[in-house]
Amino acid sequence: MALNDTHRVELSSWVESAQTPGSDFPIQNLPFGVFKRTGRIESPRVGAAIGDQIVDVSACLDEGLLAPDAHTAAERCRFSQLNELMALGPEPISALRRALSELLRGDSAAYRRDPGIARRVLVPMYEAELRLPATIGDYTDFYASIDHARNVGSMFRPNDPLLPNYKYVPIGYHGRASSIVLTGTQVRRPAGQIRDDPEQPPAVAPSRRLDYELELGIFVGTPNALGSPVPIIDADRHIFGCCLVNDWSARDIQSWEYQPLGPFLSKSFATTISPWVVTLEALEPFRAPAYVRPDDDPAPLPYLLWDADQRRGGLDIRLEVHLRTATMRQRSQDPVRVSRSRFTSMYWTIAQLLAHHTSNGCNLRSGDLLASGTISGAEPDSRGSLIERTWRGRDPLHLPNGETRTFLVDGDEVIMRAYCERPGFARIGFGDCRGMIVPAL
Ligand code: CA
């Protein structure tokens, strides 16, 4: 994928809010999501975010405002999920992005001719309900941050934090798709088997070690047939775009159940995602080199190694976790940032994750979600989960209002944000991925 006209930093839109400094959705972004207007009896459909508005792609098509080469993709925006659009592959989706960009530019001929189109094709976000962007058939969670793997590993195996397979295999497990929820959905504290005392049998109780995990979500676009691995040189062509993922985790349930098959009920009670899917094309200006392996690390095996992926397979996405407790909410205090990290620190690229996932012939379908694994860096304030941030609760977080946290308390709201910025390009963002903990049943 190459840079093109839609990435130009000079572009501005007749949608004024797209130019608001710090907006996640300038005209250079145009992420896709699913919405319906609040209070209307109508089917959800696909829109693109710009400023504080949603462009109703179907309405643009009906008004005859899109270039002919965008019609194939625009027709797929009449559906109530992105799966049909995702399946088309990069070129038709790129044509739609270009057509929307041209329509929304300040010098758009269509807008000059008839400024009334604004009323007919835009829906203010505050008048819309957002839906899950895709019907997610399968969800796989990776473990691609070596800092995260090392941190968590060293809590359990101080002398041998990284298992011998880590630098060869992009480690992952199959997650639960049915409990993926949209930002803003309340998350109920799970109960489960917990064994606090190794001398006693486990008991069922609400989790006391509830945690978040800051992750990037990767939506599969073009599917691959069962039995047909996707070579790494084609992997990006099978990726539609990215969102934010909070892989909520009950550490006390996890530490008892995880052996020998990995996480199960400690993760499957809820996974929160952000509503807007930022296309790989929108992320193109923020490509970065893959993780630079130290000389004594093994090279990736041939099926995971491609020059271009090593040069440009990384993504320079900056991510943050913010926390707002019930007390902070009562006092109208803003959320406080508890960590920030960068996706450039990941040991595996998104193309490597996809190539590995299909290397045994496993078929990925449009709308399947791959998550990166917790995004942590080398510094303490770049750790993307509380178990790392507080070192299993040993070093509580001290919040500015005097509260402390080891793990999440009922009423805590976790807000994840991410953005990309680079000189010469417009800053783009992902929108919030938020969820509040409510008490166990
Ligand atoms: Ca995870």
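The values are calculated or read from the model by the stated rules, or taken from the named source; none is laboratory data. Note that the structure is a prediction, hence the values are computed from the model and not measured. As a convention, Cβ positions derive from the backbone with ideal geometry for all residues, glycine included, and neighbour counts pool all protein chains shown. The protein model used for the area step is the full one, side chains on, heavy atoms only, and it has no ligands, DNA or RNA in it. Shrake-Rupley method; radii C 1.70, N 1.55, O 1.52, S 1.80 Å.
General observations
- Region 1-158 - charge dipole about Cα centre, Lys and Arg +1 at Cβ, Asp and Glu -1, debye rounded to 20: 180 debye
- Solvent exposure of K167, expressed as accessible area, is near 50 Å², computed with a probe of 1.4 Å over the protein chains only.
- Solvent exposure of T222, expressed as accessible area, is near 40 Å², computed with a probe of 1.4 Å over the protein chains only.
- Viscosity 1.306 mPa s, 10 °C: Kirkwood-radius Stokes-Einstein D of the chain over Cα pairs, µm²/s: 71 µm²/s
- Listed residue (N151, V121, M86) projecting farthest to the positive dipole end of region 82-192, Cβ model: V121
- Three-way shape label, region 72-143, alpha-carbon gyration tensor, a/c 1.5: prolate
- Taking all protein chains as shown and a probe of 1.4 angstrom, R383 keeps an accessible surface of around 40 Å².
- Computed over protein heavy atoms with a 1.4 angstrom probe, the accessible surface ordering of T140, T38, largest first, is T38, T140.
- For the chain, size of Cβ-based charge dipole, Lys and Arg +1, Asp and Glu -1, in debye: 620 debye
- Trypsin sites (Lys or Arg not before Pro) restricted to region 24-84 and DSSP loop, no more than 11 other C-beta within 10 Å: R40
- Electrostatic tally near F264: other residues with Cβ closer than 13 Å to its Cβ, Lys and Arg +1, Asp and Glu -1, net 0.
- Whole-angstrom gap from region 79-131 to region 172-213, using each part's C-alpha centre: 39 Å
- Placing T135, T358 in order of accessible area, with the largest value first and a 1.4 Å probe, yields T135, T358.
- Taking every DSSP helix (H) stretch of at least 4 residues in the chain, weighting each as -39,500 (n - 2.57) and dividing the sum by the residue count yields a mean residue ellipticity at 222 nm of -4500 deg cm²/dmol.
- Farthest positive-ward along the chain dipole, Cα basis, beta-carbon charges - from S345, A59, A326: A326
- For region 73-176, the relative contact order is 22 percent, taking Cα pairs closer than 8 Å that sit 6 or more residues apart in sequence and dividing their mean separation by the residue count.
- Dipole check for region 293-386: with +1 at the C-beta of Lys and Arg, -1 at the C-beta of Asp and Glu, and the Cα centre as origin, the magnitude is about 580 Debye.
- Solvent exposure ordering (accessible area, 1.4 Å, most first) of C60, C362: C362, C60
- Three-way shape call for region 127-222 based on the alpha-carbon gyration tensor, with the a/c threshold at 1.5: oblate
- Taking 0.36 nm per residue of sequence separation and removing the Cα-Cα distance, the A378/S228 pair yields an extension gain of 50.3 nm.
- The GNM of the chain, with springs linking C-alpha atoms under 10 angstrom apart, assigns the highest mean-square fluctuation among R427, R119, R251 to R119.
- Gaussian network model of the chain, springs between alpha carbon atoms under 10 Å - residue of E257, E42, E379 with greatest fluctuation: E42
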